[in-house]
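S.K.: Got a structure for you, questions after.
Each value in this text was obtained by applying a stated rule to the coordinates, not by laboratory testing. These numbers were taken from a predicted model, which means no experiment stands behind them. Virtual Cβ from ideal backbone geometry, glycine too; neighbours counted across all protein chains shown.
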Amino acid sequence: MLVPRWFVLNKRRLGPVALAGALILLVVAGIWSFSGESQADMQKNFETAHQNTLSSRSFRFAVESKLLGENEFYSKVEGESAMPDKVHIKGTVLKTPVEFTQINDSTYIRDPFSGKWLSLQGNHLSKWELFMSELNPLSNFNFKDIPEIRYVGEEEVDGEKLLAYELKPNVENVFLENQFDDFNYKIWVSKSDLTIRKALIKASKAGDEKGGLEISIKLWDYNRSLRIDVPQESNVTTQ
């Protein structure tokens, strides 16, 4: 008589247990589904931010770069850019004060000793590989493709909550490609206008544990009316 009674008791308990199990499965499936959609949506947001950044008409920026293992910055500059052919930067490169203004195909360089401006006609300095990151920071976001990308959540940068991404792209930058073969990016994106606000780039060479390059980029004031003029003619010497 004990066996039938045990069997009946199990049947009574089976309903609630099965229901609880089904609910757990639904919750787990829902979380999995939500996470999958969220990650896809976040990656779509990055694609939009990437495109918005590259197609912006103007912006202000700050770029710092240094060789890994070195205590000194290779370059540290701030500037503004107005498409298609106007850019101005000021800072230091290789411990030397620099100030450049590019207007179309004319480059104006301030002599750090005399303070006078020198004009180089027909020179588009922003296309020089040596100053690519400083004069054209968006060149660091030219990618052939992005095999690995991951949304890592929201992070606070300079008092603003931003969307953070980690990616390993194949870059389309001749200077960087010739020097390095492994690139790791962390990029922070504004939630309000989906533009890139900050990027930290680490580049290294296979087999070289100490060598490498680190670039930090900040971008703001997108699509503002930025005025970049030719320096005062009275202070410009044509070379």
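S.K.: Using modelled amide H (1.01 Å from N, peptide plane; none on Pro or chain starts), what sits under 5 Å from the amide H of Arg57, excluding residues fewer than 5 places away?
M.R.: Asn223
S.K.: Report the FRET efficiency, 1/(1 + (r/R0)^6), for Gln43 and Asp182, where r is their Cβ-Cβ distance and R0 is 25 Å, rounded to 0.05.
M.R.: Efficiency, from the Cβ-Cβ distance: 0.70.
S.K.: Can you list residues whose amide H is under 5 Å from Leu68's amide H, if they're 5+ apart or on another chain and H is modeled 1.01 Å from N?
M.R.: Residues meeting the criterion, in which the H sits 1.01 Å from N, are Gly212, Leu213, Glu214.
S.K.: If only Cα atoms are counted, what is the Rg of the range 139-188, and what is its Dmax, in Å?
M.R.: Cα only, the range 139-188: 12.6, 37 Å (Rg, Dmax).
S.K.: Rounded to whole Å and ordered largest first, report the semi-axes of the equivalent ellipsoid of the range 156-239 derived from its Cα gyration tensor (root of 5λ).
M.R.: Values for the range 156-239, descending: 30, 24, 11 Å.
S.K.: Here's another thing I want to ask about it. For the range 167-178, just list the computed ³J(HN,Hα) in residue order, Karplus coefficients 6.51, -1.76 and 1.60, θ = phi - 60°, integers in Hz, with x standing in for Gly and Pro.
M.R.: 8, 10, x, 9, 7, 10, 9, 4, 4, 5, 4, 6
S.K.: Give me the number: length gained by fully extending Asp193 to Arg60, i.e. 0.36 nm times residue separation minus the C-alpha to C-alpha distance, one decimal in nm.
M.R.: Extra length available between Asp193 and Arg60 comes to 46.3 nm.
S.K.: Search the structure for amide H atoms under 5 Å from the amide H of Val157, placed 1.01 Å from N in the peptide plane, and list their residues when 5 or more places away or on another chain.
M.R.: Leu162
S.K.: Return the distance in nm (one decimal) between the two label points of a simple spin-label model at Val230 and Met83, each offset 7 Å from Cα along Cα→Cβ.
M.R.: Placing both labels 7 Å beyond Cα along the Cβ direction yields 2.5 nm.
S.K.: Sequence neighbours fewer than 8 away in the same chain don't count; with that in mind, list the lysines whose C-alpha is under 18 Å from Lys161.
M.R.: Of all the lysines, those that pass the test against Lys161 - Cα under 18 Å, at least 8 places apart if same chain - are Lys186, Lys191, Lys198, Lys218.
S.K.: Right, something else. Give the aspartates and glutamates reachable from Lys86 as a straight Cα distance under 13 Å; neighbours fewer than 8 places away on the same chain don't count.
M.R.: Asp105, Asp229
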